[in-house]
Amino acid sequence: MMSVEKKVILVTGGSGLVGQAIQIIVKEEKRPDEEWIFVASKDADLSDREQTKALFNKHHPTHVIHLAAMVGGLFHNMSHNLDFLRTNIHINDNVLQTSYETGVLKVVSCLSTCIFPDKTTYPIDETMIHLGPPHPSNFGYSYAKRLIDISNRAYHEQHGCMFTSVVPCNVFGPHDNYSLQSSHVIPALIRKLHDAVEKGKSSGSPESTVFTVLGTGRPLRQFIYSLDLAKLFIWVLREYKSVDPIILSADEKDEVSIRTVAETIAKAFDFQGEIHYDSTQADGQFKKTASNAKLRSYLPDFQFTPFEQAVKDSVKWFKENYDTARK
C-alpha cells in the first residue's frame, strides 16, 4: 500500500477567535495525513516580507489557512482606515506571494461580509463583492480584503494556483477579543455588561445597573458561532475546489437586530436591570444580509448552533476565563 502524503497546514492568525476554534475542531476531527501548525503574531510579523518568508521556510506548509489581519470594531475602523488598508495589504500580499514562491498547493483566505457594497440589493451573494464602494466607515479594511479576491484570480490565471477565500458573516465565540476599543459587537457587549454588573455589585446597588448599548439597536446582522465556522473552514480546505469566494453564513432567517443581541446577552447573564440604547452614537451599516445559497448547495444539511445557545456558551466561556481573555 502506498503511504499517504502528509499535508502540512499552516494557520496564520492561529491564536485568534477563528484560529482557536479551528484548533478545537481539529482535535476532534484530525486526519492521519494532516499536520496542523498554528502561528500567531509572536511567531512572525506578516506585514514584513522577510519574516513571512522565514516562517514559511521554517514550517514548509503544503496548505495555508490565512486568518491573520489587522481587525477591529466599527469605531476603531472609522478612525484608522489608512492603518487598516496599508497593514492588511502588506500582510495579504506577503502571505500569497510567499505561498506561490514556496509551492503551497492551496490557500484559503478569510474575507468578511463588510467588504460588500454599501448601496446594494439584498441578500448579497458572492458575485456582488466588487459592484460598488463599501460602507465609508471601514473602507480601508474592506478594500484590502477585496484585493485578496483579485489576487486569488490573478495567481490562478497566471500561475494556476488554487488560492481561494471564504466570506464569513459576523463571528463570535470563545477566545474572542473583548477590548472595548477594538472588539466587535457581541464581545464588546459581553464585556460591557460584565463590567457594569461587577461595578453594580461593588457599589452595593446592583438593581440600579444600566447596560448601555451604543446606537439605536435597530441594525440587523447575521452571526456565526466560531466553532461552526471552524468546521466550514476545514471543509473548504479539504473539499472546495474553486478560486471563487464562498460565503460562510448562517441562514437569512436567522438574522437578528442589535437590540435582540443585547437582550440575548442580558438573558445569558440573568441581568434584570435596564438596557439603554444611546442613539447619539453611530449605527454603522443598517444591514448586510448575505445569502448562503452557494454553501447550502454543497452542504444542505449543515446544522448551525442556535444563536441563543451560542451566546450562552460564549458568556459562560468569558466568565470562566475573564482573567486571561483578551481585553
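The values are calculated or read from the model by the stated rules, or taken from the named source; none is laboratory data. What you are looking at is a predicted structure, and each value in this text was computed from that prediction instead of being measured. Note: ideal-geometry Cβ built from the backbone for every residue, glycine included; neighbour counts use all protein chains shown. Remember, those area values only see protein heavy atoms, side chains included, never the ligands or the DNA or RNA. Shrake-Rupley method; radii C 1.70, N 1.55, O 1.52, S 1.80 Å.
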Could you work out the Rg to Rh ratio of region 250-301, with Rh taken as the Kirkwood radius (inverse of the mean 1/r over all Cα pairs)?
1.12
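Pairs 241/312; 145/231; 6/327; 119/312; 58/316; 58/231: which exceed 30 Å Cα-Cα?
Pairs exceeding 30 Å: 241/312; 6/327; 119/312; 58/316.
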How much of the DSSP bridge set in the chain is antiparallel, in percent, rounded to the nearest 5?
10
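Write down the Å³ per residue value for the convex hull defined by the alpha carbon atoms of region 123-251.
150
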The simple spin-label model distance between residue 286 and residue 244, using points 7 Å out along Cα→Cβ, in nm, is 3.0
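Give me the net charge for the shell around residue 219: Cβ to Cβ below 12 angstrom, other residues only, Lys and Arg +1, Asp and Glu -1.
Overall, the nearby charge balance is +3.
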List, largest first, the extents of the alpha carbons of region 225-327 along their principal axes, each in whole Å.
49, 32, 25
Would you mind listing how long region 212-255 runs along its three principal axes, going by Cα atoms, in whole Å with the largest first?
43, 21, 18
Heavy-atom accessible area per residue, the chain, 1.4 Å probe: how many Å²?
47
Across all Cα atoms of the chain, Rg and the largest Cα-Cα distance (Dmax), in Å, are 20.0, 71
Stick to Cα atoms and the Kirkwood definition of Rh, then tell me Rg/Rh for region 166-231.
1.06
When a/c is below 1.5 the answer is rounded, else prolate if a/b is larger than b/c, else oblate, so apply that to region 75-123 with a ≥ b ≥ c taken from the square roots of the Cα gyration tensor eigenvalues.
oblate
Given the C-alpha centroids of region 135-175 and region 261-327, what is the distance between them in whole angstrom?
23
Could you tell me what % of all Cα pairs in region 270-327 have separations over 18 Å?
68
Globularity ratio of region 1-60, using Cα Rg and 2.2 N^0.38 Å
1.27
